[in-house]
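What follows is a short report on a single structure.
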Amino acid sequence: MEQSSNNTILEVKNLKKYFPITKGFLRRTAGHVKAVDNISLKIKKGETLGLVGESGCGKTTVGRCILRVYDPTDGEIRFQGQDIVKLPYNKNRALRRKIQLIFQDPYGSLDPRQSAGSIVGEAIKIHKICDNKQTHKKRVEELFTLVGLDPEMASRFPHEFSGGQRQRIGIARALSCDPVFIVCDEPFSALDVSIQAQIINLLQDLQQKLGLTYLMIAHDLSVVRHISDNVAIMYLGHIVEIADWREIYERPLMPYTQALLSAVPIPDPIVEKKRERIILEGDVPSPINPPSGCPFHPRCWKAAPDCSKEIPELREISPNHLVACIRV
């Protein structure tokens, strides 16, 4: 099936992922963890969507549903026009070539018993991309060069690399099957600030060279700002605001987005001292028993009585700026 005319490569519609809570000897279902609760989003070809929120809000679960690591409880995930939720299991291998993952932890995501070249070339063997050992070796060397590593390093093992180099190996592994869409699951969080900048620049260069599309999962708004075209803010399994990165940073409308941005440090000490900080009271509610109505209303300083009655829908407040808040 061909892509839609608006060049949307991925469209998520009303996605839900509930994890059952079982009790007793018979493992009966006593409730559900509502990790992702009815979210929708679109990503166009060649763009980067930053998915931002606190730990435990459901960001990684969204990525794993797109990768078909998790089977969604409900909803649609349309990749290049095809609903991959309904895709038979034996067709998943072809999908894996098009959608790849860059892991968060460059230390734990590499097999310590395999050489770097073997790690990068493993998927090439599985998908039978190269005809012989010579073309396989050449392809691995090309991938090392592409991510800024010396091909001579292919015989080394993960413990012989720095954190930034390990993440480059992870990126090379993700590129080995010539994907068109990559889920980046907080690829910068375990790296030093200077190395983060290098990896951001690398991902941007690769996007331009190869025409890649990214879903950039992160909790740090200051990092997402430098690489994302659009930003979606998640809270307790819901998307509460979506806009392009400039609109999010200059005109945040959802109170939760305003609170997140107020926590981002500014390098100018004069501006940092004068700006207003928003300190949220209370803790994030449990996804096992979420509050009624707007999920953020128990901690929101702008909450009204109606906020607890029903979950607000994402409304377009201005062109391409959607907010789920009845107070906006």
Exercise. Only strands (runs of 3 or more DSSP E) wholly contained in the range 1-63 count here; list those with 2 or more residues that are out of contact with any Cys (no Cβ under 9 Å at 6 or more places or on another chain), within 22 Å of residue 238 (Cα to Cα) and among the charged types (D, E, K, R).
Key: 8-23, 28-44
Practice problem: Considering only the range 293-328, state which residues are more than 21 Å from residue 232 (Cβ to Cβ) and either surrounded by fewer than 12 Cβ atoms within 10 Å (Cβ to Cβ) or in contact with a strand residue (DSSP E or B) (Cβ under 8 Å, 6 or more places away or on another chain) (or both). | Solution: 301, 305, 310
Quiz item: Is it the case that some residue within the range 105-118 is surrounded by 15 or more Cβ atoms within 10 Å (Cβ to Cβ), at pLDDT 90 or above, in a helix (DSSP H, G or I) and touching a Pro at 6+ places or on another chain (Cβ under 6 Å)?
Solution: no
Exercise. State which residue is modelled with the highest pLDDT when the search covers only the range 184-204 and only residues that are among the charged types (D, E, K, R) and surrounded by 17 or more Cβ atoms within 10 Å (Cβ to Cβ).
Key: 185
Quiz item: What helices (runs of 4 or more DSSP H) lie completely within the range 226-328 and have 1 or more residues being under 19 Å from residue 56 (Cβ atoms), modelled with pLDDT of 90 or more and of a type outside the set (D, E, K, R)?
Solution: 255-262
Quiz item: With (1) out of contact with any His (no Cβ under 8 Å at 6 or more places or on another chain); (2) assigned to a loop (DSSP other than H, G, I, E, B) as the list, and residue 91 as the residue in question, which single condition is left unmet?
Solution: (2)
Practice problem: Could you list all residues from the range 143-163 that are in contact (Cβ under 8 Å) with a residue 40 or more places away in the chain and either under 18 Å from the mean Cα position of the chain (by Cα) or part of a helix (DSSP H, G or I) (or both)? | Solution: 146, 155, 158, 159, 163
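The values are calculated or read from the model by the stated rules, or taken from the named source; none is laboratory data. Predicted model only: the values in this text are computed from it and were never measured. As a convention, Cβ positions derive from the backbone with ideal geometry for all residues, glycine included, and neighbour counts pool all protein chains shown.
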